[in-house]
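Right, one structure below, let's go through it.
The values are calculated or read from the model by the stated rules, or taken from the named source; none is laboratory data. Keep in mind the model is a prediction, meaning the values are calculated, not measured. So basically every Cβ, Gly included, is an ideal-geometry build from the backbone, and we count neighbours across all protein chains shown. These area figures cover heavy atoms from the full protein model, side chains too; ligands, DNA and RNA do not enter into them. Shrake-Rupley method; radii C 1.70, N 1.55, O 1.52, S 1.80 Å.
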Amino acid sequence: MSLLDILQFPDERLRRVAEPVATFDSALSALTEQMLETMYESRGVGLAATQVNEHRRLFVADCAEDGEAPAPMIFINPVILDRQGLVDSEEGCLSIPGINGMVPRAELVRVRAHDVRGDEFEVTTGGLLSICIQHEIDHLDGRLFIDYFSSLKRQRIRKKFEKALRQQDQA
Ligand SMILES: [Zn+2]
């Protein structure tokens, strides 16, 4: 199975708002498998369809701790029903490699989503999975974790990535 390319900031396609998934077929299931494989290969804990240039509302995640058995999860058409508490979470993103920063997030979330067969499920969670769900749903809405930073810090990051792109083009 081939790995998917992950869009890199400042690619404008990361800003597209994803459309709801309407068809639960084998192609959808294959996409989620490829996304999981790409996420594991990149050592990420979550990957949104937007990041692989598929503008549909779904993401994959595995927030198992090091040393625990893998716990792949698939969320299709996810909706946050309830948020509680507030935490500062330190985040990074496979689309913005090398950048980390603090983001204000809800501590607990209650989420409703569909699995690959189209069956609905609900989870209430805190910890890393809660943060991951909020970060990935942001991707589906075209939002990045650096959008929570000050505009000065965002500009610096943009310049850094644009410069790297130019150097790549010249090479
Ligand atoms: Zn991300």
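With the crude spin-label approximation of a point 7 Å out along Cα→Cβ, what separation in nm comes out for Gln167 versus Arg16?
Going from the Gln167 label point to the Arg16 one covers 3.0 nm.
Using only C-alpha atoms and all pairs of different ones, pull out the Kirkwood radius for the chain in Å with one decimal.
Numbers: mean 1/r = 0.0601 Å⁻¹.
It is 16.6 Å.
Semi-axes of segment 11-109's equivalent ellipsoid from the Cα gyration tensor, sqrt of 5 times each eigenvalue, largest first, rounded to whole Å?
22, 17, 16
For a bin width of 5 Å, list the pair-distance distribution of segment 54-153 built from all Cα-Cα distances, rounded to whole %.
Each 5 Å bin holds this share of Cα pairs: 2, 12, 22, 24, 21, 12, 5, 1, 0.
Ranked highest first by average number of other Cβ atoms within 10 Å, how do 152-159, 138-145 line up? It would help to have the intermediate numbers written out before the result.
Values: 152-159: 12.6, 138-145: 19.8.
The most tightly packed comes first, giving 138-145, 152-159.
Using the Karplus curve 6.51 cos²θ - 1.76 cosθ + 1.60 with θ = phi - 60°, work out ³J(HN,Hα) for each residue of segment 127-143 in order, rounded to whole Hz, and write x for Gly and Pro.
Result, rounded to whole Hz: x, 4, 5, 4, 5, 4, 4, 5, 5, 6, 5, 4, 4, 5, 9, x, 10.
For Asp115 and Leu86, what does the FRET efficiency come to when R0 = 22 Å and r is the distance between their Cβ atoms, rounded to the nearest 0.05?
Numbers: r = 29 Å, r/R0 = 1.34.
Between Asp115 and Leu86 the formula returns 0.15.
Can you give me the accessible area per residue for segment 1-79, using a 1.4 Å probe, in Å²?
Numbers: 4110 Å² over 79 residues.
I get 52 Å² per residue for segment 1-79.
Taking 30 Å as R0, compute the FRET efficiency from the Cβ-Cβ separation of Glu68 and Phe24 and round it to 0.05.
Working: r = 29 Å, r/R0 = 0.96.
Result of the calculation: an efficiency of 0.55.
Leaving out ligands, DNA and RNA, and with a 1.4 Å probe, what % of the accessible surface on segment 69-111 is carbon or sulfur? It would help to have the intermediate numbers written out before the result.
Details: 1170 of 2190 Å².
Within segment 69-111, the accessible surface is 54 percent carbon and sulfur.
How big is the charge dipole of segment 86-126 about its Cα centre, in debye rounded to the nearest 20, if each Lys and Arg gets +1 on its Cβ and each Asp and Glu gets -1 on its Cβ?
Numbers: 4 positive and 8 negative charges, 15 e Å.
Result for segment 86-126 is approximately 80 debye, rounded to the nearest 20.
Report, please, the projected area of segment 65-108 averaged over directions, based on the convex hull of its C-alpha atoms, in nm². Show your work: numbers first, answer last.
Working: hull surface 19.2 nm².
Quarter of the Cα hull surface area: 4.8 nm².
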